[in-house]
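Notes follow once the structure below has been shown.
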Amino acid sequence: MTASTDTRFSEELRAASWALHESAEGSHFMRDLMAGEVGRDIYATYIGQLHYVYSVLEEAAAAMKDEPTATPFVRDELSRVPALEADLTFFLGDDWAAAVRPTEATLEYCERLREACFSWHGGFVAHHYTRYLGDLSGGQFIGKSVERAYGLEDHEGARFYLFDQIADPTEFKNEYRRQLDLAQWNEEEKQRIIDEVRLAYRLNTLLLAALQ
């Protein structure tokens, strides 16, 4: 599917990547996680991998914050690294960093983030969109499953899924999509962004598969 002037870009982007989005959410790991069948140690490994990914992505956000095309998407209330570090401390203790190592899939994902997100505005937005809008959507259901599976209270151990600085997630997502529609990308650039979002979903699926 190619980008079209007949529909809003946010709709085009969602339609073009939906099958890969569903594949990631329907992965064996995610099915087990939602069913409460992932051990605490494997879950800690998972959020450890996410810490690598979000560390690079949020480093890119800091680098892109003053770039006009990227600025509308760089929002402090989306930051996930502090929440992930709190969750890792909960599961692994204060020395969690010594216990976490990236898988080959995570290294590949982070390498692509460094290639795409620090010098290409559209690439940054593609990866930013893939992660954070997913966190604000399906991620909220995953968070509830995690809390049930591990008997967590007051979001301790599941702060990754808590966006307590966003009063209305639905309106936030709608505004994010409006910014996608307003961005001044030509059709060629839109297609590049669509392709990068597809790649982001594939990289995420590989990250999940490496946890099995």
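Summary of values
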item: Criterion violated by Phe163 - all others in (1) within 15 Å of the chain's Cα centre (by Cα); (2) part of a loop (DSSP other than H, G, I, E, B); (3) free of Cβ contacts under 8 Å to residues at least 60 places away in the same chain satisfied; result: (3)
item: In the stretch 50-69, residue nearest to Leu180 (Cα to Cα) [restricted to those that are part of a helix (DSSP H, G or I) and acidic (Asp, Glu)]; result: Glu58
item: Residue list for the stretch 39-74, restricted to those being over 16 Å from the mean Cα position of the chain (by Cα) and polar (S, T, N, Q); result: Thr45, Thr69, Thr71
item: Residue match in the stretch 153-165 (condition: modelled with pLDDT of 95 or more and within 27 Å of Trp120 (Cβ to Cβ)); result: yes
item: Filter result (surrounded by 14 or more Cβ atoms within 10 Å (Cβ to Cβ), of a type in the set (D, E, K, R) and free of Cβ contacts under 8 Å to residues at least 60 places away in the same chain) within the stretch 70-108; result: Arg75, Glu85
item: Any chance Phe91 is closer than 26 Å to Ile194 by Cβ and over 16 Å from the mean Cα position of the chain (by Cα); result: no
item: Selection count, the stretch 118-157, where residues are surrounded by 18 or more Cβ atoms within 10 Å (Cβ to Cβ), among the hydroxyl-bearing types (Ser, Thr, Tyr) and without any contact (Cβ under 8 Å) to a residue 60 or more places away in the chain; result: 1
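The values are calculated or read from the model by the stated rules, or taken from the named source; none is laboratory data. For clarity, every value in this text was computed on a predicted model and none was experimentally measured. As a convention, Cβ positions derive from the backbone with ideal geometry for all residues, glycine included, and neighbour counts pool all protein chains shown.
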